[in-house]
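**Student:** Sharing a structure below in structure tokens format, with a few things to ask.
Readers should treat all values here as calculations from the given coordinates under stated rules, not as data from a laboratory. Keep in mind it's a predicted model, so treat the numbers as computed, not measured. Positions of Cβ are backbone-derived with ideal geometry, glycine not excepted, and every protein chain shown enters the neighbour counts.
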Amino acid sequence: MKKIIGTIFCALVCSANAMAAMQSCGLDLEASAPDIRFQDNGNGTVTDLQTNLVWRRCLLGTQWNSQQQTCDGTPEGYSWKKALFQINLNEKNAVVDGVTGWRMPNIKELVSLREVACISPAVNLKAFPGFIKTEDDKYATTSNVWSSTPHAQSQNILVLGLNDGMIIHYGAQDADFGVLLVSDNAR
């Protein structure tokens, strides 16, 4: 009987949201990035109440759709150097509901978003619902995001995989990955 109830419960929860059905979470693991940790600012950003950082909810190249509560468009892939140039040219001084100072996060900040209990994606879907929308998105280069942190033993840059939560490293010009912006300037 317990197995039947568990199966029915899982089916209801998983079918409630198509994205949640794609995400796989261990039920016996404590959430490392629970919903209560993120405050929706109602403008395409969330505040992480644990770190007091403000995050854009969408990768560069996509725009927040407040009616659909997801990101519209296709994320742009950038080499690390082009990403830094793009941020300095267009995003650094952008004002989003009074928040300025947008920058590329360091690897510790990115890892703080990782939901260790889940994969596909390994982030909180309520806070960041638009990163991986389809099965193909799991394998897109933009499912990895650049950090501002260089690898300690090479000239590579650390990258976080949004799909699996793994940290990898690549040369600054070797690949085009996604970019997620953060600000220290919480309102």
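**Student:** Could you give me the residue pairs with C-beta distances under 6 Å whose first residue belongs to region 165-177 and is among the small types (Gly, Ala, Ser), whose second residue is in a loop (DSSP other than H, G, I, E, B) wherever it lies, and which are 6+ apart or on separate chains?
**Tutor:** Correct list of pairs: Gly165/Ala122; Gly171/Asn156.
**Student:** I'm checking my understanding of the structure. Among residues of region 72-95 that are under 18 Å from the mean Cα position of the chain (by Cα) and of a type in the set (Val, Ile, Thr), which one is nearest to Asp174 (Cα to Cα)?
**Tutor:** Ile87
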